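Student: Attaching a single structure in structure tokens format; questions to follow.
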Amino acid sequence: MVQPHEPEFEQALNELTQSLEPFLAANPEYGKTLEIIQIPERVLQFRVVWEDDQGVPQVNRGFRVQYNSALGPYKGGLRLHPSVNLSILKFLGFEQTFKNALTGLNMGGGKGGSDFDPKGKSDAEIRRFCIAFMSELFRHIGQDTDVPAGDIGTGAREIGYMFGAYKKLSNEFTGMLTGKGKDWGGSHIRPEATGYGLIYYVQHMIAKACPEYSLSNPSTLVAISGSGNVAQYTALKVIELGATVLSLSDSKGSLIAERGFTNEVIEQVAQLKLRGGTLENFSKGLVGYSYYHGQRPWSLLPEVHIALPGATQNEVSGEEAEMLVKAGVRIVAEGSNMGCTQEAIDVFEASRKTGLGGVWYAPGKASNCGGVAVSGLEMAQNSQRLSWSSEEVDEKLKAIMSECYRICYAAGSKWSGEERREGVLPSLLAGANVAGFIKVADAMREHGDWW
């Protein structure tokens with residue numbers, strides 16, 4: 001049930017509904033499930049009162065959307081950002097439900113957070129906020145109920161403060177949050193997982209669609225947006241493999257590298273972001289790099305082969321998608337959630353249908369599921385009181401992303417809603433939506449949630 005003031009959720013629902021049309025035409029009994037599945041099982045909203053460094057009480061809104069538990073405990077991040085509202089969290093929880101299904105792990109879908117802005121706050125203020133936030137949330141979550149994780153604005157520091165508050169309030173040490181420190185229940189590869197997993201998924205796409213743009217080739221040009229955790233590790237993996245990273249960005253503008261980013265610059269960006277700095281200030285005096293205020297990378301690059309949106313929702317417009325097509329892009333895969341507007345997706349899907357020289361697009365619910373996959377692996381390690389090595393976790397992540405790609409490709413081949421033609425690749429958008437939906441819907445039916 002869409003409310004007129006929930007544009008992000010409406011966009012996500014419309015995308016899923018359009019993808020499901022061929023499947024529902026052939027399987028009309030699933031129509032009622034679509035009606036049921038779009039309503040969250042539970043929505044929690046509460047106030048968070050905390051004290052700033054001047055001793056003045058401040059108040060923010062706290063949320064947790066427990067969307068669907070058909071496949072396991074609710075699982076999804078906590079976002080701390082001024083833009084947070086119920087529409088955004090419903091869209092994220094809705095997408096998370098199907099994303100988690102594509103990992104093959106037993107996780108339901110959820111999302112939460114607050115309109116609190118950690119930027120410009122002291123460590124003490126962030127700690128007091130996290131304790132206040134968890135003083136309400138703790139009664140609604142648990143290792144077998146709802147297992148939140150980090151998201152925008154919620155990094156290792158915030159997870160640590162929240163975990164400490166939960167432990168004191170509940171008097172138990174359990175794996176009720178993921179993204180924890182390695183010495184107290186966290187998993188190796190968790191910070192890297194979304195970026196690494198994105199690249200593992202993209203490697204399958206490249207092998208099928210355009211092997212000439214292998215990531216081991218320095219002449220393969222890769223555009224990345226964002227400069228947070230996802231973008232950083234996406235860039236580092238691309239550089240490790242041998243391709244050239246042309247761009248990063250933040251909310252104020254884009255940083256373009258004439259000859260490609262280096263590991264050293266990416267690491268400096270990571271330190272900058274921990275201090276709340278901007279790329280604009282960072283770029284001053286940096287030789288071989290140009291900063292463009294108020295612009296995203298997609299309109300700045302005359303040639304690009306792989307585009308990886310890694311910042312936030314709706315960061316690629318229809319006009320920018322056209323520019324990417326003109327620049328020769330062949331693969332677009334989202335590291336962010338719903339990174340492309342519907343207009344941009346329409347451009348990419350139309351290009352795909354022209355044949356193997358067109359653009360192949362992968363939605364975030366498939367291509368960026370590596371982060372939540374390793375969160376699921378962290379949950380498994382916590383349940384067994386074990387810690388797997390980096391190599392073990394990385395191999396499991398590669399296997400999960402490979403299987404996710406296979407499932408999306410197979411479902412897209414069957415349910416793209418178009419006659420398959422020689423040289424035209426299936427829609428991974430349709431494949432991801434249909435495959436995720438079927439898995440969740442079948443579990444709901446077996447639980448008696450629809451009939």
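Student: Can you tell me which residues in region 74-115 are in contact (Cβ under 8 Å) with a residue 40 or more places away in the chain and among the hydrophobic types (A, V, I, L, M, F, W, C)?
Tutor: Residues satisfying the conditions are 78, 80, 86, 88, 91, 92, 94, 98, 101, 102, 105, 107.
Student: Hey, can you tell me all the residues within region 173-209 that are small (Gly, Ala, Ser) and closer than 30 Å to residue 354 by Cα?
Tutor: Of everything in region 173-209, those that are small (Gly, Ala, Ser) and closer than 30 Å to residue 354 by Cα turn out to be 195, 197, 207, 209.
Student: While we're looking at this one, here's another question. I'd like the residue in region 276-319 that is modelled with pLDDT of 95 or more, surrounded by fewer than 16 Cβ atoms within 10 Å (Cβ to Cβ) and among the charged types (D, E, K, R) and, out of all such residues, is nearest to residue 261 (Cα to Cα).
Tutor: Checked region 276-319; the qualifying residue nearest to residue 261 (Cα to Cα) is 303.
Student: Residues in region 137-154 that are surrounded by fewer than 19 Cβ atoms within 10 Å (Cβ to Cβ) and assigned to a loop (DSSP other than H, G, I, E, B): how many?
Tutor: 3
Student: Out of 83, 87, report the one residue that is under 27 Å from residue 16 (Cα atoms), in a loop (DSSP other than H, G, I, E, B) and out of contact with any strand residue (DSSP E or B) (no Cβ under 7 Å at 6 or more places or on another chain).
Tutor: 83
Student: Right, something else. Can you list the helices (runs of 4 or more DSSP H) lying wholly within region 361-439 that have 1 or more residues being open to solvent by 10 Å² or more (accessible area, probe 1.4 Å) and among the polar types (S, T, N, Q)?
Tutor: So the answer is 370-384, 390-415.
Student: Continuing with this model, one more query. Those residues that are among the polar types (S, T, N, Q) and within 18 Å of the chain's Cα centre (by Cα), I need them from region 226-279; list them, please.
Tutor: 227, 229, 232, 234, 249, 251
Student: Conditions: (1) in contact with a helix residue (DSSP H, G or I) (Cβ under 8 Å, 6 or more places away or on another chain); (2) open to solvent by 40 Å² or more (accessible area, probe 1.4 Å). Residue 66 meets all but one. Number of the miss?
Tutor: (2)
Student: Need the failing condition index for residue 107 against (1) open to solvent by 10 Å² or more (accessible area, probe 1.4 Å); (2) part of a loop (DSSP other than H, G, I, E, B), just the number.
Tutor: (1)
The values are calculated or read from the model by the stated rules, or taken from the named source; none is laboratory data. In this text the structure is predicted, and so the values were computed from the model without any measurement. Every residue, glycine among them, receives a Cβ derived from its backbone with ideal geometry; neighbour counts consider all protein chains shown. Protein only, heavy atoms only, side chains kept; ligands, DNA and RNA dropped before computing areas. Shrake-Rupley method; radii C 1.70, N 1.55, O 1.52, S 1.80 Å.
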